[in-house]
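The block underneath contains the structure these notes are about, expressed in structure tokens.
The values are calculated or read from the model by the stated rules, or taken from the named source; none is laboratory data. Quantities reported herein were computed from a predicted structural model and do not represent experimental measurements. Note that we place each Cβ from the backbone using ideal geometry, even for glycine, and neighbour counts take in every protein chain shown.
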Amino acid sequence: MRGIYLFIGGVVVGLAVQLAAAQNQGPGTNTGSNSGIIQLNHVGIAVPDLNAAVSYYEETLGFPEAFRVTNSAGETALVYMQVSATTFVELQPTNENRPAGLNHFGLQVNDMDGVRDIFIAQGADVSEIRSGGTKAILSNITELNGHRIELSEYPADSLQGEFLGL
């Protein structure tokens with residue numbers, strides 16, 4: 001139960017930060033040292049029962065399923081649940097490397113190479129760029145406490161880009 005309260009608190013804080021930033025700047029116009037970040041896009045949660053979690057988020061919280069990704073074995077690898085027009089909860093099944101709970105938050109960026117270079121120049125621990133199962137362009141920052149921040153750029157042919165109409 002504590003995890004749900006932490007998650008809901010995180011979503012509320014994230015949406016409040018996004019709203020405050022949007023009021024101070026137009027969309028995608030961050031001009032600080034982290035320019036290139038468009039918004040907080042999603043929060044990733046690993047769940048022991050994916051079907052039950054999807055039902056809960058859809059039926060109890062009213063977050064419709066946006067899309068899902070399956071792996072090569074035909075198993076569901078992740079499900080995006082829509083919180084607002086551009087904010088999602090990414091549900092993934094737990095496994096031996098992914099315990100239950102919050103496992104990352106995702107920032108949408110408009111120029112992965114440029115944003116990654118900025119974070120590296122500022123001393124952040126940033127992974128190599130890769131393509132994800134949704135065709136998004138991804139990189140990860142491991143912050144000082146070991147938490148993962150996923151940087152995501154959404155080409156028009158990615159599942160996110162298609163859903164968002166990019």
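Among the residues that make up region 107-114, is at least one of them of a type in the set (Gly, Ala, Ser), over 22 Å from residue 64 (Cβ atoms) and in contact (Cβ under 8 Å) with a residue 60 or more places away in the chain? Checked region 107-114: at least one residue is of a type in the set (Gly, Ala, Ser), over 22 Å from residue 64 (Cβ atoms) and in contact (Cβ under 8 Å) with a residue 60 or more places away in the chain.
Considered as a group, the residues in region 119-136 that are buried (at least 19 other Cβ atoms within 10 Å of the Cβ) and among the β-branched types (Val, Ile, Thr) include one that is nearest to residue 75 (Cα to Cα), and that residue is 134. Does residue 140 satisfy the criteria of being closer than 20 Å to residue 103 by Cα, of a type in the set (S, T, N, Q) and part of a loop (DSSP other than H, G, I, E, B)? Answer is no for this residue. Restricting attention to region 103-127 and to residues that are in a loop (DSSP other than H, G, I, E, B) and closer than 24 Å to residue 165 by Cβ, the residue that is nearest to the chain's Cα centre (by Cα) turns out to be 110.
Yes/no per residue for (1) at pLDDT below 95; (2) under 25 Å from residue 118 (Cβ atoms); (3) not in a strand (DSSP E or B):
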site	(1), (2), (3)
6	yes, no, yes
10	yes, yes, yes
13	yes, yes, yes
20	yes, yes, yes
26	yes, yes, yes
31	yes, yes, yes
44	no, yes, no
56	no, no, yes
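Mind listing just one residue for me: the one in region 137-161 that is charged (D, E, K, R) and in contact (Cβ under 8 Å) with a residue 24 or more places away in the chain and, of those, surrounded by the fewest Cβ atoms within 10 Å (Cβ to Cβ)?
Residues of region 137-161 that are charged (D, E, K, R), as a first pass: 143, 148, 150, 153, 157.
Filter once more, keeping what is in contact (Cβ under 8 Å) with a residue 24 or more places away in the chain: 148, 150, 153.
Numbers: 148: 15, 150: 21, 153: 24.
Ranking the qualifying residues of region 137-161, first place goes to 148.
Restricting to region 63-102, what's the tally of residues that are of a type in the set (S, T, N, Q), assigned to a loop (DSSP other than H, G, I, E, B) and either in contact with a Pro (Cβ under 6 Å, 6 or more places away or on another chain) or modelled with pLDDT of 95 or more (or both)? First the steps, then the outcome.
Filtering region 63-102 down to residues of a type in the set (S, T, N, Q) leaves 70-72, 76, 82, 84, 86-87, 92, 94-95, 97.
Pick out the ones that are also assigned to a loop (DSSP other than H, G, I, E, B) and you get 71-72, 86, 94, 97.
Among the residues that remain, those that are also either in contact with a Pro (Cβ under 6 Å, 6 or more places away or on another chain) or modelled with pLDDT of 95 or more (or both) are: 94.
Residues meeting the conditions: 1.
When region 87-137 is filtered for residues that are at negative phi and of a type in the set (Lys, Arg), the ones remaining, listed by number, are 98, 116, 130. Checking the structure you have, find out if any residue of region 120-129 is touching a helix residue (DSSP H, G or I) at 6+ places or on another chain (Cβ under 8 Å), closer than 19 Å to residue 40 by Cβ and not aromatic (Phe, Trp, Tyr). Yes; the residues of region 120-129 include at least one that is touching a helix residue (DSSP H, G or I) at 6+ places or on another chain (Cβ under 8 Å), closer than 19 Å to residue 40 by Cβ and not aromatic (Phe, Trp, Tyr). For region 103-118, residues that are hydrophobic (A, V, I, L, M, F, W, C) and loosely packed, with under 15 Cβ neighbours inside 10 Å total 0.
Filtered by the rule that a residue be among the hydrophobic types (A, V, I, L, M, F, W, C) and over 12 Å from the mean Cα position of the chain (by Cα), region 54-82 gives 54, 61, 63, 66, 67, 69, 73, 77.
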